[in-house]
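K.L.:
Before I ask anything, here is the structure I am working with.
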Amino acid sequence: MTFSRKSLLAAVALTALAACGQQGEPTAQGAPSQSAADETAQTESEKINAWFEEQFEASVARSPMAQTFLGRKTNYGEWDNATDEFARETYEMEMAALADMRETFDYDKLDSSAQLSYRLFEFEGEQTKRNFPWRNHWYEFSQFRGPHSSVPAFLINQHRVSSLEDAEAYISRLRGVETYLGQHQDVAEAQFENGVNPPKWSYPQMIATSKNIISGAPFDDSGETSTILEDFNKKVNALDVSDEVKEDLRSQAIDAMLNSVKPAYESLIAMFEEQMETATGEDGAWKLPDGEAYYANRLRQMTTTDMSAEEIHDLGLAEVARIHDEMEEIKNEVGFDGSLQEFFVYMREDPDERFTYPNTD
């Protein structure tokens, strides 16, 4: 389960809840009363709004990191569960929720806002169903993103420390880095065995990023302070506690960094170096097992259509041709004698500024 999934559920819940205060319009005397229908719709809408809220909270409860992103300090010292077993369990829960919504609520009895929420929840559920078989075709680590780079970013940008308990939770998360990254490493190793891994040229950057994270004190004697320790010191120094308490917290954090963070990243670096030896330079979906089917799945995800890659490409060419034809018409209309590329230059450099808006309010 990703946080984007939770974000959508939150939006769905809030959209649905916004409908709670809507009231039906009064009807003319003698006309068939609409109040009974409005009351039914409101009652059914209230039920599903509450249900959406329950689903959102159940989803967030499974992700300590999502709770932190939402500004909550529940499970504040924990990381998410990154195992495939947990992902499967989450998927089954989401599919059960989708079936429950369809079975429990009558779409036609919902008001318009709740109907929109229903359709959004259904759309997301169907996407999850289609995408789940391909969950391990998406690289666990890459030069662009991955838990190796997101761990320090999360601690620095999301884990706020305004109390002694918050600092202790920070230390708890440092102690949990080895388990958390180890779970992601297990997934990456299984992917590699199945022929799913980044291209060879991406590994040096992943190695460099990982080495940078465990550079500086307390990881080496370079005389510099690591980014993570610098962040922890800054946050703890701002606390209204004694120097003795601050020093104790710092000592615990350093111990966690040396005995959890450092070995976690050293293990990742060793895996990256080993995989790089046999990785190829191929960098397209075609190199993956069942790559054609995976690519088709991604096309549907990104375009919300059933168009093939060839159809999308042909549409792109046709649209470019159409736009260029319209540009040619404009070029001819203003009487420019030259190529389209020359016309672009002419419009940018026209001393009379006929093709730009004035720089005014």
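The values are calculated or read from the model by the stated rules, or taken from the named source; none is laboratory data. Predicted, not measured: the structure shown is a model, and the values here were computed from it. All Cβ positions, even for glycine, are placed from backbone atoms using ideal geometry, and neighbour counts span all protein chains on display. Surface accessibility is based on the protein's heavy atoms, side chains included, excluding ligands, DNA and RNA. Shrake-Rupley method; radii C 1.70, N 1.55, O 1.52, S 1.80 Å.
K.L.:
Over 21 Å between C-alpha atoms is what I'm after, so list which of K47/K109; K211/K262; K129/K200; K73/K129 land there.
P.N.:
Details: K47/K109 11 Å; K211/K262 10 Å; K129/K200 31 Å; K73/K129 31 Å.
Distance filter (> 21 Å) returns K129/K200; K73/K129.
K.L.:
While we're on this one: Mean-square fluctuation check for the chain, GNM, Cα pairs under 10 Å: which of L317, L116, L98 is largest?
P.N.:
Between L317, L116, L98, it is L317 that shows the largest mean-square fluctuation.
K.L.:
Does a label point 7 Å from the Cα of S267, set along Cα-to-beta-carbon, have any residues of region 107-148 with amide nitrogen under 14 Å, and which are they?
P.N.:
Answer for region 107-148: 148.
K.L.:
First compute the accessible area of the chain with a 1.4 Å probe, then give the percent of it belonging to carbon and sulfur atoms.
P.N.:
Working: 10530 of 20710 Å².
After summing per-atom areas, the C and S share lands at 51 percent.
K.L.:
Moving on. If I model a spin label at T104 and M347 as a point 7 Å from the Cα along the Cα→Cβ vector, what separation in nanometres do I get?
P.N.:
5.4 nm
K.L.:
If you don't mind, there's one more thing I want to ask. Can you pull the Rg over Rh of the chain, Cα-only, Kirkwood?
P.N.:
Value, to two decimals: 1.09.
K.L.:
Based on the Cβ-Cβ distance from D220 to D84, what FRET efficiency comes out when R0 is 30 Å, to the nearest 0.05?
P.N.:
On the way: r = 34 Å, r/R0 = 1.15.
After rounding, the FRET efficiency stands at 0.30.
K.L.:
Per DSSP H run of n ≥ 4, the term is -39500 (n - 2.57); total these for the chain, divide by its residue number, and report the mean residue ellipticity at 222 nm rounded to 500 deg cm²/dmol.
P.N.:
That comes out to -21500 deg cm²/dmol.
K.L.:
Could you check the spin-label model distance between K287 and N332? Points 7 Å from the Cα along Cα→Cβ, value in nm.
P.N.:
4.8 nm
K.L.:
Which residue, R348, R62, R298, tops the fluctuation ranking in a GNM of the chain built on C-alpha contacts under 10 Å?
P.N.:
R348
K.L.:
Something else about it: Using unit Cβ charges (K, R positive; D, E negative) and no other charged atoms, how large, in debye to the nearest 20, is the dipole of region 251-361 about its Cα centre? Could the numbers behind the result be given before it?
P.N.:
Details: 8 positive and 26 negative charges, 117 e Å.
Dipole size: approximately 560 debye.
K.L.:
Now, a different point. Report the full-extension gain for the segment L239 to Y357: residue separation times 0.36 nm, less the Cα-Cα distance, to one decimal in nm. The partial results should precede the final answer.
P.N.:
Values: separation 118, 0.36 × 118 = 42.48 nm, distance 5.34 nm.
Here the answer is 37.1 nm.
K.L.:
Just to be sure I understand the model, the point goes 7 Å from the Cα along the line to the Cβ. What's the resulting S339 to Q301 distance in nm?
P.N.:
Output for this residue pair reads 4.0 nm.
K.L.:
Now a separate question. For region 224-334, what is the accessible area per residue in Å², given a 1.4 Å probe and the full set of protein chains? Show your work: numbers first, answer last.
P.N.:
Details: 7010 Å² over 111 residues.
The answer is 63 Å² per residue.
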